[in-house]
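A.B. asks: So that we are looking at the same thing, I have put the structure below in structure tokens.
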Amino acid sequence: MDVNVRAFRVVQAALSAPVTPDKRKESARKGGLAGGPSRARSISAARRTEIAIKASSVRWGRSPDTGPVAASSVTVTK
């Protein structure tokens, strides 16, 4: 980030009035906190596994069909 932009944001934050949380954001947060565990209970273990495998493949850039990386294919550098 540019030094001038950072300085502007610091001054802007220091001079602005304190921000009170928006009621809509608070209620949405509460709903999100309640919805996650409820969703986890409502889907099967097999479906949760499918979701986890898909998320892992997206995060680590692998095809879900390749499975875990074999220890012999990993190179360790010192």
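A.B. asks: Find all pairs meeting these conditions: Cβ atoms under 7 angstrom apart; at least six residues apart or on different chains; first residue within region 36-62 and free of Cβ contacts under 8 Å to residues at least 40 places away in the same chain; second residue surrounded by fewer than 11 Cβ atoms within 10 Å (Cβ to Cβ) and not aliphatic (A, V, I, L, M).
C.D. replies: 57/63
A.B. asks: Quick check on residue 46: is it loosely packed, with under 10 Cβ neighbours inside 10 Å and either part of a loop (DSSP other than H, G, I, E, B) or modelled with pLDDT of 85 or more (or both)?
C.D. replies: In short, yes.
A.B. asks: Would you check which residues across region 49-78 are modelled with pLDDT of 85 or more and in contact with a Ser or Thr (Cβ under 9 Å, 6 or more places away or on another chain) and list them?
C.D. replies: Scanning region 49-78 gives a single hit, 57.
A.B. asks: Within region 1-40, work out how many residues are more than 30 Å from residue 51 (Cα to Cα) and either modelled with pLDDT under 85 or in a helix (DSSP H, G or I) (or both).
C.D. replies: Total satisfying the criteria: 22.
A.B. asks: Continuing with this model, one more query. Can you pull out every residue in region 1-37 that is exposed (fewer than 10 other Cβ atoms within 10 Å of the Cβ) and hydroxyl-bearing (Ser, Thr, Tyr)?
C.D. replies: Answer for region 1-37, where residues must be exposed (fewer than 10 other Cβ atoms within 10 Å of the Cβ) and hydroxyl-bearing (Ser, Thr, Tyr): 16, 20.
The values are calculated or read from the model by the stated rules, or taken from the named source; none is laboratory data. The model shown is predicted, which means the values in this text are computed figures rather than measured ones. Note: ideal-geometry Cβ built from the backbone for every residue, glycine included; neighbour counts use all protein chains shown.
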